[in-house]
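Enquirer: My questions all concern the structure below.
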Amino acid sequence: MTRIPTSADRPTLSDGSRGTVLVTGATGRQGGAVARALLAAGTPVRALVRDATSDRAAALASAGASLVVGDLDDPASLLAAATGAAGVFSVQTPDMTDLFGESETRQAAHLLTAARTAGVTHLVHTSVAKVGGWREVPGLADGRYGAYMAHYWASKSAVEDAVRGAGLPRWTILRPATFMEMFVRPSFYFVGGTSDRFLTAVRADTPLPLVAVRDIGTAAAAAFADPERFDGVQLELAGDVRSLREVAAAMSEALGATIEPPTTTPEQAVAAGLMPELAQAQQLTNDDPGTARPELAHALGIPTTTLQQWCEAVLRPGA
C-alpha cells in the first residue's frame, strides 16, 4: 500500500522559533489542516473560532490548541486574538450568498491591520493557484468567463496585494490547486452530489493540478518553522497533476466501484444542475489549468501527497 505523508515528514521548528501562531479558519478545511500540522510540530496554536462549543472547536482544543472567540468581521476581536502571537495564518473565502460582495477584501484588511498593530512578525496567507498571472489570461478580466469569475480573481489578487503591502516583517503566500477533498461525496463534482458519475464542465482529459488539504498544513508549518527562508515566497502548491479520467480510475480502484469520468458538454452540465457560475469557472480550467506542480513544493523541502496516496488513505474502505 502506498504511504501518505505523516507528521514525521513535516519540517519541525528550529530553536527559538516556537512562537504562538494564530490560525484563522481553524474549524475549516485549510485552517484545520494548518492547526493540526503546527500542533504536530510542537508549535503553540491559538485557534480563532466563532463558537467555542462546536464539535470542531472542541476537537481542536482536545488536540492542544487554545481557543479564542472572534470573527473576521470584528476588528476588535482580531486584535485581541493576535496580541502576543508571533505568526498568523490567514484564510478568507467567498460569501456564496453574496457572490459580488467584498467580504474577502474587507476581512483580509481587518486581519492585516490587527496583525500589524499586534506586532505579528510573520503572516502566511492562503490564496488560490493561478492568482499571480490571472490578468494575463485572455478574456478573464473582460468577462469571457462571466462577471463572477472576473470578480473572484480580482478579489483574490487584491488580498494578495494587501498582504504584500501590509508592512509586516515577513509574509508568505500559498496558492493551493484544486483540493482532492472535492472528490469526497457529497460533492458538486458528481451528479446529484452522491452518484458515481462526474458532473462538471472540466473535460475528462484536462491536466488538473490537485492538492490534498493536509499539504496546505504541511506547507504552512514549514513556512512558520523557517520564516526567513519563506519570507516573500509565493508557492503554487500541488501534490499531483491528473485528469478527471485518471481521477475516476484512481477512485474506482480505491473504492472498488466504478466511477464514471465526465462526458457532458458545459451546456449539458448546466442543464443537469451545475451552477452556471461554476460551469464558467470550470471552462477557465480547461483553457488554463495552471502551473502548480509538486516539484515547486519539493524544491522548498515540502513533502506532498499524490492522488493515489490520497485515495488509499481517504477513500479505500477501512482506511
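Enquirer: For Ala115, work out the one condition from (1) of a type outside the set (Ser, Thr, Tyr); (2) crowded, with 19+ Cβ neighbours inside 10 Å; (3) in a loop (DSSP other than H, G, I, E, B) it doesn't fulfil.
Expert: (3)
Enquirer: Can you pull out every residue in region 119-157 that is within 23 Å of Phe224 (Cα to Cα), out of contact with any Leu (no Cβ under 6 Å at 6 or more places or on another chain) and free of Cβ contacts under 8 Å to residues at least 60 places away in the same chain?
Expert: Gly119, His125, Ser127, Val128, Val131, Lys156, Ser157
Enquirer: Follow-up. Is there a residue in region 291-300 that is under 23 Å from the mean Cα position of the chain (by Cα), free of Cβ contacts under 8 Å to residues at least 60 places away in the same chain and in a strand (DSSP E or B)?
Expert: No; the residues of region 291-300 include none that is under 23 Å from the mean Cα position of the chain (by Cα), free of Cβ contacts under 8 Å to residues at least 60 places away in the same chain and in a strand (DSSP E or B).
Enquirer: Look at Ser127 and say whether it is closer than 29 Å to Pro294 by Cα and either polar (S, T, N, Q) or surrounded by fewer than 22 Cβ atoms within 10 Å (Cβ to Cβ) (or both).
Expert: Taking the combined requirement at face value, the residue satisfies it.
Enquirer: Given the options Ala82, Ala76, name the one that is among the hydrophobic types (A, V, I, L, M, F, W, C) and surrounded by 14 or more Cβ atoms within 10 Å (Cβ to Cβ).
Expert: On the way: Ala76 fails: surrounded by 14 or more Cβ atoms within 10 Å (Cβ to Cβ).
Exactly one residue qualifies, and that residue is Ala82.
Enquirer: Next question, about the same structure. If you take the residues of region 180-195 that are in contact with a helix residue (DSSP H, G or I) (Cβ under 8 Å, 6 or more places away or on another chain) and not in a loop (DSSP other than H, G, I, E, B), which of them is nearest to Arg29 (Cα to Cα)?
Expert: Here the residue is Glu181.
Enquirer: For the subset of region 158-186 comprising residues that are without any contact (Cβ under 8 Å) to a residue 12 or more places away in the chain and touching a Gly at 6+ places or on another chain (Cβ under 9 Å), which member is surrounded by the fewest Cβ atoms within 10 Å (Cβ to Cβ)? It would help to see each step written out before you state the result.
Expert: Quick first cut of region 158-186, residues without any contact (Cβ under 8 Å) to a residue 12 or more places away in the chain only: 161, 164-165, 182, 185-186.
Next, from what is left, pick out any that are touching a Gly at 6+ places or on another chain (Cβ under 9 Å): 164, 185-186.
Working: Arg164: 14, Arg185: 16, Pro186: 10.
Filtering first and then ranking leaves Pro186.
Each reported figure results from applying straightforward, stated rules to the coordinates on display, with no laboratory input. Computed from a predicted structure; not experimentally measured. All Cβ positions, glycine included, derive from the backbone under ideal geometry; neighbour counts span all protein chains shown.
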